[in-house]
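Data first, discussion second: the structure below is written as structure tokens.
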Amino acid sequence: MRHLNANEIREIWRRFFEERVHRIEESAGLVPVNDPTLLFINAGIAPLKGYFDGTRVPKNPRLANIQKCIRTSDIEEVGKTARHHTFFEMLGNFSIGDYFRDEAIEWAYEILTDKKYYGMDSERLYVTIYLTDEETKEKWKEIGIAAERIIATEANFWEIGEGPSGPCTEIFYDRGDDFGEHDLDLLRKDIDNDRFVEIWNIVFSQFNAKEGIPREEYPELPNKNIDTGMGLERMAAILQGAKTNFETDLFLPLIESIAEKSGVPYKGQKSHKIIADHIRSVVFAVGDGATFGNEGRGYVLRRLLRRAIKHGRQLGIEGPFLVALAQKVVAMMKEAYPNLEKSSEFIEKMVLKEEEQFLETLKDGENILKEIMQKGDGIISGADAFKLYDTYGFPLELTEEYAEAEGLTVDGEGFKEHMAMQKERARKAREKTTSMAMQNAEFLAFKAESEFIGYRTLSAESEIVKAFNEGVVTAKTPFYAESGGQLADQGTITRNGMTFAVEDVQRLPNGQHYHIIGEHDLKEGDTVHLQVDEHARRRTMAHHSATHLLYSGLRRLLGEHIGQHGSLVGPDYLRFDFNHHEFPADETLLALERHVNEKIAEDIEVAFEEGTIDEAQERGAIAEFGEKYEDTVRMVNMGETLDLCGGTHVERTAEIGSVAIVSIESKGSGIYRIIALAGERVDAAEEFLGGFLENLRHLENKAASILEEARSEGIELTFDKGGEFQFEGSYNDVIRLRKRLSKMQRNVRALEKEFEEKRKQRRLADLDEYLEQKDEQGNLVLKTEGMDTETLKSLADRLMENLQEGVVFLDNRRDDKLVFICKSLGSVHAGNLVREAAKIAGGGGGGRPDFAQAGAKDVEKLDETLRFVKEKLREDPGA
């Protein structure tokens, strides 16, 4: 067996599959594209789903990649086992309707055992297969795997819901007696062990899984595919003769740095492993645009970094130390991932900021812990221990050490209960796996040519080359099909005076533009007239070109780390999602809008050219988010920006007109969304600012209601709602509306307060009106309306000052609730009286003999409670 470092393992993989005419796909970024089911890319197949479900067909059906992945479902196992990681690299080869079982198995065996490649001992290879998969069994036997090393199991079938599925075969390497007993039950029962290491899984994706149908009845896929995955870290451990993955060149330099920094030599300790693993995840995730946060992807990333810091403290490391390790990761991995070095400055900045922030939080935690221990309860509750762990980064063991020093104990069981709840929250934040879409056999089989001519014309006469139930494909079309974030063109298709509205245009798996028109009677061979809606197209072009200027401006103002995370351009508006570590300030957005409009005013020529993907990347062209590119690509040049883009654009930037940003919001996990308008659509800003306007109208109506109620009570109030809002057609509208709304909220609160104060003053001033209602015993039992509790108490005090003796009982209705206030200067017990009265209306309360208060919810009982109190005082003056 050859001794190979990680870069050599990667290079052999690429070379082997290039020799077998595979297109080598670059690793996709860790932040998923248009896939809300994933927080991070977690498998080699994840970025290639469209090829497997048949929504896209690659030019080359043979693909191979080395994909960066993050999985955190087993985070608690990292450091405990030889092979669990949060960040790992998956080597995969894929066939989309090309080769199948025979080639996949033959090539796997060849690259693993041939001395030109990995040179493993074939006698140490064991394979598992699906129970009924005789074809795979015979193929393994044919190439030299002995029958006793072929294990059939129920587990060897890959499916994740409806869609592509099939049997799989896993390849294991026997590491020998030093790693455990030779027990094949470990393979039969899928028991994790150190002797038989799974290195490769080959999935024969040949069925369409359907709910409610047994596996043996699954229909065959129109296109049978191959999906494989081999773990780089496991291969490195075997080929380098390492005891665990952590002793390979992928981890050991990091672990040695941790040992040096902490002064604790590495002897397999869990903390060294966890820190090395987690810093790799953090560096790669931040390098691909993820940011720290309190939800979703950001929460996972923050947890990884804080967990690494906590284990650093357990090793005795004080102060920031992860930045140096982040630099080490970049140095170790830059040959394989050159973009990592380009992002290194941003990565270091983000890691240091987060680390320093957490270390401050830890200091706060120590103070909180001291306060908890000073309670004198003799025990630190599970809730407090977990708060210290989750919020302030205190491991339970550290809290227990502090507690022991003070003669206290910690509720460990209570801590575990809260930890279980946190794990459930984390589980919900982690990736969810959903099935792929089912393949459409009719679309996949259709391979006739269809040319897009919409860059140079908006109308055409063309022949229908394929008629489907809900639409048609023509030999030529000016209609743009939805892709790259640009919506499909609108327009019509006409034949012999009959016109069909084009509802949508989508690209079929083989690239043709499919015009969706609903029910129709068009046939193949018919000649039709295709007409794109020129007005809608021109507005879309303005929004698309403005998007490129916006993206360029963001990178100029906020930094080169800014990446596109989705976009939508159409005739009505543009939407652009991007990553950043904090919410952009208003000043930044005003500067961004100003920058874009300056570029528009410069009337820059929008130039287009074609070249190879390698040429484009050498020139620094920026790729559109989520797009897969063929060898020849189209580039759009607007002076300060060179982008890969197949969309439609203006010819000169002045044609855009102007741009107004009308909204920005956080989408979570460090992703922000801008909505902007271009050209004539700038005048439609009010449509997108309706939320502000609605809130303003609500506050104006509330103020009018208060003024009306005040007038009805003879109270004079004034309120200035301001003049009519005038739109400027810029982001300044958003700022002005936000400030106006905030001012209106303050003014309405002040108006409410002024009304209550004047109402209180009036009611307290009208004592004679209340005193006239005194009964024969000299008591006052009154019904009031709408008073707050403090006003009631003040009124009761003023009335008692005038009575000098007896009882004042106030029964007040406000906001569908009753409040009772009672003052007594005599033999009547105020607390007993209000308690009995409140009980009638379903409430309760009480108090002292001289003062009491109670409440109730049944306002229909108000008069009944008044009668009760009056009768009680009349019948028993000493009640």
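Data table
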item	result
Cα gyration tensor shape for the range 92-143, rounded if a/c is under 1.5, else prolate or oblate	oblate
Using alpha carbons only: equivalent-ellipsoid semi-axes of the chain, gyration tensor based, whole Å	63, 43, 28
Cubic angstrom per residue, convex hull over Cα atoms of the range 733-785	69
Cut-off 12 Å (backbone N to label point 7 Å along Cα→Cβ of residue 524), residues of the range 454-494	464-468, 473
Translational diffusion coefficient (Stokes-Einstein; Kirkwood radius from C-alpha pairs) of the range 282-326 at 4 °C, 1.567 mPa s, in µm²/s	117
Share of Cα-Cα pairs in the range 485-524 lying beyond 12 Å, as whole percent	63
Where trypsin sites (Lys or Arg not before Pro) fall in DSSP loop in the range 77-182, at most 15 other Cβ within 10 Å	80, 115, 116
Shape call, the range 285-380: gyration tensor on alpha carbons, a/c limit 1.5	prolate
Net charge over other residues, Cβ less than 15 angstrom from the Cβ of residue 468 (K, R count +1; D, E count -1)	-4
Contact order normalised by residue count of the chain, Cα under 8 Å, 6+ apart, percent	8
Mean Cβ count within 10 Å, highest first, over the residues of peptides 837-848, 65-76	65-76, 837-848
Whole-number D in µm² s⁻¹ for the range 751-879, Kirkwood Cα-pair radius fed into Stokes-Einstein, 37 °C, 0.692 mPa s	227
Selection of trypsin sites (Lys or Arg not before Pro), the range 577-627, meeting DSSP coil and at most 13 other Cβ within 10 Å	619
For the range 128-199, average projected area of the Cα convex hull in nm²	5.4
Per-residue [θ]222 nm for the chain (sum of -39500 (n - 2.57) over DSSP H runs n ≥ 4, rounded to 500)	-12500 deg cm²/dmol
Candidates per trypsin sites (Lys or Arg not before Pro) in the range 220-315, loop by DSSP, up to 10 other Cβ within 10 Å	267
Values of log10 I(q)/I(0), in the order q = 0.15, 0.16, 0.23, 0.28 Å⁻¹, for the range 325-393 under a Debye, Cα-only, solvent-free model	-0.63, -0.66, -0.92, -1.13
Percent of alpha-carbon pairs separated by more than 28 Å within the range 654-799	47
Dimensionless Rg over Rh [the range 211-278; C-alpha; Kirkwood]	1.36
Isotropically averaged projected area of the range 761-819, using the convex hull of Cα atoms (one quarter of hull area), nm²	3.8
Mean separation of Cα contacts under 8 Å (6+ apart) over length of the range 16-147, as relative contact order %	20
Cα-based Rg and Dmax for the range 469-589, where Dmax is the largest Cα-Cα distance (Å)	18.5, 58
Convex hull of the range 249-331 built on C-alpha atoms - directionally averaged projected area, nm²	5.2
Three-way shape label, the range 152-297, alpha-carbon gyration tensor, a/c 1.5	oblate
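Values quoted throughout were computed directly from the atomic coordinates according to the rules given, and no laboratory measurement underlies them. What you see is a predicted model, and the numbers here were worked out from it, not measured in a lab. Heads up, the Cβs are rebuilt from the backbone with ideal geometry, glycines too, and the neighbour counts pull from every protein chain shown.
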